[in-house]
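J.: Below you'll find the structure I mean.
The values are calculated or read from the model by the stated rules, or taken from the named source; none is laboratory data. It should be emphasised that the depicted structure is a prediction, and the values quoted were computed from it without experimental measurement. Methodologically, a virtual Cβ is constructed for each residue, glycine included, from the backbone with ideal geometry; neighbour enumeration extends over all protein chains shown. Only protein heavy atoms, including side chains, enter the accessible area calculation; ligands, DNA and RNA are left aside. Shrake-Rupley method; radii C 1.70, N 1.55, O 1.52, S 1.80 Å.
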Amino acid sequence: MFSPLINELIQALRCLPGIGLKTAQRMAFQILERQRPQGLALAKSLQSAIENVGHCKACRTFCESELCTLCSNPARHSHQLCIVESPTDVIAIEQTATFRGYYFVLMGRLSPIDGIGPQQIGIHQLNERLDNGQFTEVIIATNPTVEGEATAHYLANIIREKSISCTRLAHGIPMGGELEYLDGSTLSRAFTARTALT
Amino acid sequence: MTERVLLQPAFVLHARPFKDTSLLVDFLTRDYGRLSAIVRGARSQQSRYRGHLRSFVPILISWSGKSELVSLNQLEPNGSPILLEGNSLLAGMYLNELIVRLLHQHDAHPDIFDDYYKGISALHQNEEIEPTLRRFEKNLLVALGFGFSWAHAADTSNPIATSQWYAFEPDLGFCENLQKFNQRTVFSGAHLLAIAQNNYDNHDVLRTAKQIMRIAMQVRLGNKVIKSRELFI
Ligand SMILES: [Zn+2]
């Protein structure tokens, strides 16, 4: 219905998350009608990011240098390691300014049905990192989903074998939440993990 | 033609993100077998389904549609959630993977649903993991039509004898004629009879059961791999 090049552009845009046919058409025409320079800049930065961005050698997050800025910062607490599922989790934790150690990014979680096992979450790299003796405490901050919890359990078994102290983020009732509206899983988990009032 | 199904007992087997805020969920339902559904908005902060769309939580679901992919209209809790932890959680994920790999979509199996419910409840009550898995696998093979006798030899129909050794042929069962069914591994009749009774007190019986189930499952799985096995260290 459109010329071959336009069709190709529309199809290419559809690879983005949440972009259906209609949105892709709108985007294509917007770029061609009014935003040609911006479109060209987008194409260039896409190309250069894909060609140059790899994974940090230490924490596996995305970066174009060998070590990301966080890993190459010597002022962080060198004995603490926090394990997260994705780079956006690092950003979320960094914004709280409560953690000053280093990170390891799994780039996913164990999900056997999706074919994601220990190898796919970088278990060899994590083992190497833990075996250099730098860390005395590992904090597991995977999501409280079934897969995230399975990942936490699997990692905790490995970490404990290395005689490294291992903790996990607490989960329970969200701040500002009301018990009445909580789902059963969250509420029962909060009950089991209740703490003493001091 | 669209079909509406109301308040069907179900469990989530697997959920993966779909578009920005939705989930693509694989359910095991009691009367409609395995079912894939899109749950719109399930990942948004305000979703009323948050926390319920989780494996091992008994739920009731309503949906409409008759295609490969139906759309979920309603979901409510159906009994208390089964919170699996540690190795029980990994075992539960193994059961989920077995069902996803072996049960065809829309193939109704109330027996598998009931067994699954019993299995994860047993895991929750910290019953021993391995016997629970073996019992489930054994019933699953029968339910899928791949069952075989644990009490009689397949080639001679003689009762399995405690002092005899048997070869295992997944399509037939246990065979007495070890020459004809030339197998590298043979199994003790005493072990087979114990497994027939689901009596796994003896460790060697448990090991035999695991070996047999591996062979039997792999034949049905073809070239599919059960990835959860990598998680058991
Ligand atoms: Zn790094």
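J.: Can you divide the C-alpha Rg of chain A by 2.2 N^0.38 Å and report the result to two decimal places?
T.: Values: Rg = 21.7 Å, N = 198, 2.2 N^0.38 = 16.4 Å.
Chain A yields a ratio of 1.32.
J.: Given the whole protein assembly as supplied and a 1.4 Å probe, what does the accessible area of residue B:32 come to in Å², nearest 10?
T.: Roughly 80 Å² of residue B:32 is accessible to a 1.4 Å probe.
J.: I would also like to ask the following. If you place +1 on the Cβ of every Lys and Arg, -1 on the Cβ of every Asp and Glu, and leave all else neutral, what size is the dipole of chain A about its Cα centre, to the nearest 20 Debye? List each step's numbers first, then the result.
T.: Working: 17 positive and 18 negative charges, 68 e Å.
About 320 debye.
J.: Continuing with this model, one more query. With contacts defined as alpha carbon pairs under 8 Å and 6 or more residues apart, what's the relative contact order of chain A in percent?
T.: RCO, chain A: 13 percent.
J.: Please compute the contact order of region A:1-96 in relative form: average sequence separation of alpha-carbon pairs under 8 Å and at least six residues apart, divided by the residue count, as a percent.
T.: Numbers: 49 pairs, mean separation 11.2, N = 96.
That works out to 12 percent.
J.: Another question about this same structure. May I ask for the percentage of alpha-carbon pairs in region B:1-103 that lie more than 24 Å from each other?
T.: 19
J.: Right, something else. Which value, in debye to the nearest 20, gives the size of the charge dipole of the protein assembly as shown about its Cα centre, when Lys and Arg are +1 and Asp and Glu are -1 at the Cβ?
T.: My answer is approximately 940 debye.
J.: Still on this structure, I have one more. Just the C-alpha atoms of chain B: what Rg/Rh do they give, with Rh taken as the Kirkwood radius? Could the numbers behind the result be given before it?
T.: On the way: Rg = 19.9 Å, Rh = 19.2 Å.
Result: Rg/Rh = 1.04.
J.: Hey, another quick one. Quick one: ranking B:210, B:180 by accessible area, 1.4 Å probe, largest first, what do you get?
T.: Ranked list, largest accessible area first: B:180, B:210.
J.: Using a 1.4 Å probe on protein heavy atoms only, how many Å² of accessible area do B and A hide from each other, summed over both chains and rounded to 100?
T.: Accessible area lost upon association: around 2300 Å².
J.: Cross-chain or 8 or more residues apart, Cα under 28 Å: how many lysine pairs in chain B fit that? Count them up, please.
T.: Final tally of qualifying lysine pairs is 15.
J.: For region A:4-52, what mean projected area does the convex hull of the alpha carbons give, in nm²?
T.: Its Cα hull, projected and averaged over all orientations, spans 3.6 nm².
J.: What per residue convex hull volume, in Å³, comes out for region B:159-233 when only alpha-carbon positions are used?
T.: Taking the convex hull of the Cα positions in region B:159-233, it is 117 Å³ per residue.
J.: Sticking with this structure for a sec: Rounded if a/c is under 1.5, else prolate if a/b beats b/c, else oblate: with a ≥ b ≥ c from the C-alpha gyration tensor eigenvalues square-rooted, which is the protein assembly as shown?
T.: prolate
J.: What's the magnitude of the charge dipole for region A:75-168 around its Cα centre, counting Lys and Arg as +1 and Asp and Glu as -1 at the beta-carbon? Answer in Debye, nearest 20.
T.: Values: 7 positive and 10 negative charges, 53 e Å.
Computed charge dipole of region A:75-168: roughly 260 debye.
J.: Per residue, what volume in Å³ does the convex hull of the Cα atoms of region A:75-168 enclose?
T.: On the way: hull volume 8.5 nm³, N = 94.
With only Cα atoms used, region A:75-168 gives 90 Å³ per residue.
J.: For region B:12-51, what ratio Rg/Rh do Cα atoms give with a Kirkwood hydrodynamic radius?
T.: Values: Rg = 10.5 Å, Rh = 10.4 Å.
That ratio equals 1.01.
J.: Taking Cα pairs under 8 Å and at least six residues apart, what relative contact order does region A:75-168 come out at, in percent? Mind dumping the intermediate values first?
T.: On the way: 128 pairs, mean separation 29.5, N = 94.
Result for region A:75-168 is 31 percent.
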